[in-house]
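Some notes on the structure that comes next.
The values are calculated or read from the model by the stated rules, or taken from the named source; none is laboratory data. What you see is a predicted model; the values in this text were computed from it and never measured. Note: ideal-geometry Cβ built from the backbone for every residue, glycine included; neighbour counts use all protein chains shown. All accessible areas refer to the heavy atoms of the entire protein, side chains included, with ligands and DNA or RNA removed. Shrake-Rupley method; radii C 1.70, N 1.55, O 1.52, S 1.80 Å.
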Amino acid sequence: MAVKLNKRAYDFARARVREGRVVRDDRDAWSEHQPSTQEENAFIASHGFDEYGKWHLGIDDEKPEDTKGRYKFPYGDFKKVHRCAVLSAESRAGQFKHFDIENAAARLHEMIDGKKHRAVARTRQSVHA
């Protein structure tokens, strides 16, 4: 799997955070807040895969463009960026050694929390380089 940072999605997420379109929820809330399969399908039917992709920090360039499987590491509910989703993406990206995605999620996390937090992702990337 060739998963890499979806730069367009990262820029879109940063803009949403700067605009205040954020839910500052608890770390474990993503399982309750993430869109259901039906909500995802309705969003795709209304907006297309191009817009759907903007809500995912990762992109698997080995998967076909017009499939949900192409997009990884969701960070919001198609309206707002969710802190819990960003934290989940940051953690899972680190586990799978997608350090570019982990770093992007860490930067979003910093923006949302309004303070500096540990730069573990950047340290890991330096160690693994």
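General observations
- Index of the failed condition, Lys4 passing every other in (1) outside any helix (DSSP H, G or I); (2) open to solvent by less than 40 Å² (accessible area, probe 1.4 Å): (2)
- Exclusive hit being more than 11 Å from Asn6 (Cβ to Cβ), surrounded by fewer than 18 Cβ atoms within 10 Å (Cβ to Cβ) and modelled with pLDDT under 95, set Glu51, Glu65: Glu65
- Condition check for Ala42: aliphatic (A, V, I, L, M), at pLDDT 95 or above, over 11 Å from the mean Cα position of the chain (by Cα) and over 18 Å from Arg8 (Cβ atoms): yes
- His82 meets the stated requirement of being of a type outside the set (D, E, K, R) and in contact with a His (Cβ under 7 Å, 6 or more places away or on another chain).
- Residue match in segment 11-21 (condition: part of a loop (DSSP other than H, G, I, E, B), within 22 Å of Asp113 (Cβ to Cβ) and open to solvent by less than 30 Å² (accessible area, probe 1.4 Å)): no
- In this structure, Ala89 qualifies as touching a strand residue (DSSP E or B) at 6+ places or on another chain (Cβ under 9 Å), small (Gly, Ala, Ser), surrounded by 20 or more Cβ atoms within 10 Å (Cβ to Cβ) and in contact (Cβ under 8 Å) with a residue 12 or more places away in the chain.
A quick yes/no check of all residues on (1) farther than 17 Å from Lys72 by Cβ; (2) surrounded by 13 or more Cβ atoms within 10 Å (Cβ to Cβ); (3) touching a helix residue (DSSP H, G or I) at 6+ places or on another chain (Cβ under 6 Å); (4) modelled with pLDDT of 95 or more:
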residue	(1), (2), (3), (4)
Ala85	no, yes, yes, yes
Gly94	no, yes, yes, yes
His98	no, yes, no, yes
Ile101	no, yes, yes, yes
Ala105	no, yes, yes, yes
Leu108	no, yes, yes, yes
Gly114	yes, no, no, no
Thr123	yes, no, no, no
Ala129	yes, no, no, no
